[in-house]
Amino acid sequence: MDRTSLEQLLRQGLSLAEIAERFGLHESTVGYWVGKHGLEAVHRERSAARGGLGRRQLEALVEANMTIAQIAEAVERSKATVRYWLTRYGLSTRGGVGRRPAEQVQAAKRAGLATAEMLCPRHGTTEFGLNARGYYRCKRCRSEAVARRRRKMKSILVQEAGGRCCICGYDRNMRALHFHHLEPELKRHSINAKGVAVALEKLRAEARKCVLLCSNCHAEVEDRMVSIPAGAQARSPG
Ligand SMILES: [Zn+2]
Ligand SMILES: [Zn+2]
């Protein structure tokens with residue numbers, strides 16, 4: 001750790017624990033560098049004992065319409081420390097600077113946070129993750145979108161495969177319809193698996209080698225209790 005940045009952070013009133021948190025280091029490592037550079041942690045023992053600011057406490061103060069300066073005074077910490085923890089929790093005070101979501105995002109980026117709590121219009125305050133393109137995205141929105149896409153792909157493939165069990169005609173719940181491979185040795189992508197993110201065209205090619213079976217008939221076919229009707233195998237392509 002270089003002396004200049006360390007000195008700067010200490011001057012902002014950050015504790016060793018807070019500096020360590022920012023760099024993903026252990027507190028004692030920061031302590032080592034502070035000593036090595038002949039610097040001194042401000043209120044060293046006091047800050048270390050206090051650790052981070054609590055979310056509930058900050059929320060209550062923000063709720064009371066206090067400014068950063070007022071909160072800093074109330075919790076007896078520096079403004080930089082208050083600002084750091086507000087960003088961490090995705091909170092923002094109502095007056096003054098740093099209120100808009102765009103500024104929240106900038107602050108999170110400056111602090112080097114891979115995940116931060118932000119406001120999602122659908123899910124409220126929740127965890128956002130920094131994606132590869134450098135945007136923070138709501139994690140819950142993201143996993144819902146993945147599930148939606150997967151359901152849509154399956155519904156296309158199910159319709160193309162006739163939309164019903166080729167033995168009993170069951171068609172009420174798509175989740176109970178499985179793709180059964182006619183020649184398992186040619187199996188390349190599993191259509192039934194939940195975790196696959198294979199392109200539709202590849203799955204479509206795979207679906208052509210399958211017949212559609214409901215869960216019950218699938219079990220009976222696998223146990224050789226029934227066989228697949230000959231007509232079911234000669235599906236028209238497409
Ligand atoms: Zn969301
Ligand atoms: Zn069936």
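Show the residues, 5+ positions off or on another chain, whose built amide H is closer than 5 Å to the amide H of Cys120.
Correct list: Thr125, Thr126.
What FRET efficiency comes out for Ile228 versus Arg55 if R0 is 45 angstrom and r is the Cβ-Cβ distance? Round to the nearest 0.05.
0.20
Once phi is turned into θ = phi - 60°, what whole-Hz ³J(HN,Hα) does the Karplus curve with 6.51, -1.76 and 1.60 give for every residue of region 3-18, x standing for Gly and Pro?
Listing the rounded values in order: 5, 4, 5, 4, 4, 4, 5, 5, 5, 6, x, 6, 7, 4, 4, 5 Hz.
Given a Förster distance of 45 angstrom, what is the FRET efficiency for Glu7 paired with Cys141, based on the Cβ-Cβ distance and rounded to 0.05?
Here the calculated transfer efficiency is 0.65.
HN-Hα J couplings of region 211-217 from phi, Karplus 6.51/-1.76/1.60, θ = phi - 60°, integer Hz, Gly and Pro as x?
Here the 3J(HN,Hα) series is 10, 8, 10, 7, 4, 5, 5 Hz.
Just grab the label-to-label distance for Asp171 and Arg151, each label 7 Å out from Cα along the Cβ direction, in nm (one decimal).
2.0
Tell me the label-point distance for the pair Thr125, Ala102, using the 7 Å Cα-to-Cβ offset, in nm and rounded to one decimal.
2.3
Collect residues whose amide H, placed 1.01 Å from N in the peptide plane, falls under 5 Å from the amide H of Val226; neighbours closer than 5 in sequence don't count.
For Val226, the qualifying residues are Val221.
Estimate the FRET efficiency between Thr29 and Gln70 by the formula 1/(1 + (r/R0)^6), using the beta-carbon distance for r and 30 Å for R0, to the nearest 0.05.
FRET efficiency, Thr29 to Gln70: 0.35.
Per the Kirkwood treatment, what hydrodynamic radius in Å, one decimal, follows for region 53-113 from the mean inverse distance over all distinct Cα pairs?
11.4
Bear in mind these aren't lab numbers, they're just calculated from the coordinates by the rules spelled out. Predicted model only: the values in this text are computed from it and were never measured. A quick note on method: Cβ atoms are made from the backbone with ideal geometry, for glycine too, and the neighbour counts reach across all protein chains shown.
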